[in-house]
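These notes concern the structure reproduced below.
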Amino acid sequence: MSNTMTTIVPGEIPHKDLHQILLSGVAPRPIALVSTISKNGICNLSPYSFYNSFASKPPIIAIGPAISAATGKIKDTYTNIIETGECSINAVTFSMTEQISLASCEYDNTIDEFIKCGLNKQDSILIKAPRVLESPFQMECVFLETKELGREIGGNGNIMLLEVKRIHISDDVIVNGSIDPVKLDLIARMGYDYYCRADAKSIFQVHKPKWNGIGFDNLPEDVLKSEILSGSDLAILAGVKEIPHNTVESKEKALEILSHDDETNQDINLGLIFDSKSNAIRHNGIKKLLKMGFIHEAWSLINR
Ligand SMILES: Cc1cc2nc3c(=O)[nH]c(=O)nc-3n(C[C@H](O)[C@H](O)[C@H](O)COP(=O)(O)O)c2cc1C
């Protein structure tokens with residue numbers, strides 16, 4: 001990372017630039033495909049990426065329909081939710097991308113946007129607004145309250161709090177009783193025209209620490225200053241509950257594992273791996289063991 005940084009003062013750059021800069025860094029954002037009905041009975045469908053879940057007991061989510069910076073007009077979604085007190089929120093999959101982009105066009109409130117973008121309606125159970133048939137994760141929501149975030153110029157925002165009353169999940173995305181994120185295949189919004197896709201290549205698991213780890217401040221100096229071990233490597237080492245005892249068995253296991261690695265095997269044979277002067281060789285060994293998930297064995301190569 002470069003040491004030079006550009007600093008932005010919000011009031012000092014044009015709003016359209018600030019908007020894209022903010023959205024580039026607050027990313028990726030989930031996309032809510034919001035279905036509402038106007039008081040005249042016209043269906044409306046629009047994507048919103050100022051969107052997230054904020055509580056689960058009771059389940060509360062929020063969306064942020066802004067006043068259009070271009071026209072100064074409030075979004076139909078906002079008006080419909082205020083007037084009818086309800087909406088359905090539908091997760092957006094990769095296969096729906098172009099259709100939700102089409103649904104984001106500023107059609108007026110006499111136009112049914114389901115018809116415009118070709119997505120299909122599915123009746124809701126508790127509310128009048130339909131759900132989106134193509135979405136594998138749909139919620140029926142009721143309006144709680146809204147907060148206006150400034151009103152002096154176009155582009156001002158709103159936060160609308162909604163309570164989730166029903167969640168519908170397609171059986172196609174459930175594996176062993178849980179939602180499989182790869183099967184869900186959701187997209188998210190980034191800055192400018194960028195989107196990203198949560199597919200098998202991008203999804204990974206990180207297990208939450210089960211205890212308070214010893215922390216970086218308890219790592220030995222040579223490890224902390226290593227040019228080979230990354231911040232993530234150090235965090236794994238610092239995540240142990242206590243510094244593991246350096247047993248003969250853990251050292252032997254570390255050597256046994258590393259002996260299968262051609263490069264490290266040579267260092268082991270030359271007796272360099274535990275040589276405190278060859279930090280680079282030890283750190284490489286630690287890195288390899290951590291990558292394979294052998295945390296205690298990695299610790300057995302650390303001098304203390
Ligand atoms: C992926 C995506 C996310 C969007 N997120 C928002 C948002 O969070 N807030 C907003 O005001 N407009 C957002 N928009 C623009 C609205 O979808 C667009 O203004 C739409 O026409 C509003 O429709 P409505 O007036 O029928 O509610 C987004 C557009 C796209 C394509």
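Pairing the Cα long axis of helix 15-25 with the longest principal axis of the chain, what angle in degrees results, from 0 to 90 and rounded to the nearest 10?
The angle comes out at about 40 degrees.
Applying the Karplus parametrisation 6.51 cos²θ - 1.76 cosθ + 1.60 with θ = phi - 60° to the phi angles of segment 121-133, what ³J(HN,Hα) value in whole Hz is obtained for each residue in order, glycine and proline being reported as x?
8, 10, 4, 7, 9, 9, 10, 7, 5, x, 8, 9, 3
Could you tell me the center-to-center distance, by alpha carbons, between segment 167-246 and segment 34-63 in angstrom?
Here the answer is 29 Å between Cα centres.
With runs of 4+ DSSP H residues as the only contributors, calculate the mean residue ellipticity of the chain at 222 nm using -39,500 (n - 2.57) per run, divided by the residue total and rounded to the nearest 500.
Rounded to the nearest 500, it is -7000 deg cm²/dmol.
Apply the Karplus curve 6.51 cos²θ - 1.76 cosθ + 1.60, θ = phi - 60°, to the phi angles in segment 228-245 and return the couplings in whole Hz, x for Gly and Pro.
Per-residue couplings from phi come out as 9, 7, 8, x, 5, 4, 4, 5, 5, 4, 7, x, 6, 5, 8, 5, x, 5 Hz.
Sorting check: for 7-13, 214-220, which peptide has the highest mean count of neighbouring beta carbons within 10 Å, and how do the rest follow?
214-220, 7-13
Taking 25 Å as R0, compute the FRET efficiency from the Cβ-Cβ separation of GLU12 and CYS105 and round it to 0.05.
So the FRET efficiency works out to roughly 0.20.
Give me the net charge of ASP275's neighbourhood, meaning all other residues with Cβ under 11 Å from the Cβ of ASP275; Lys, Arg count +1, Asp, Glu -1.
Working: positive: LYS277, ARG282; negative: ASP267.
Here the charged neighbours net out to +1.
Using DSSP to call loops (not H, G, I, E or B), can you name the GluC sites (Glu not before Pro) in segment 123-165 whose Cβ has at most 10 other Cβ atoms within 10 angstrom?
Those satisfying the criteria are GLU152.
Between beta-carbons, use under 10 Å as the cut-off and find the net charge around ASN80, counting Lys and Arg +1, Asp and Glu -1. Could the numbers behind the result be given before it?
Values: positive: LYS39, LYS75; negative: ASP76, GLU83, GLU86.
In short, -1.
Testing the spin-label approximation: label points 7 Å from Cα along Cα→Cβ at GLN122 and LYS57. State their distance in nm.
Going by the 7 Å Cα→Cβ label model, 2.9 nm.
Give me the distance between the Cα centres of segment 256-293 and segment 106-147, rounded to whole Å.
Going from one Cα centre to the other spans 58 Å.
Coordinate-derived values only; no laboratory data. Quantities reported herein were computed from a predicted structural model and do not represent experimental measurements. Neighbour counts run over all protein chains shown; Cβ positions are idealised from the backbone, glycine included.
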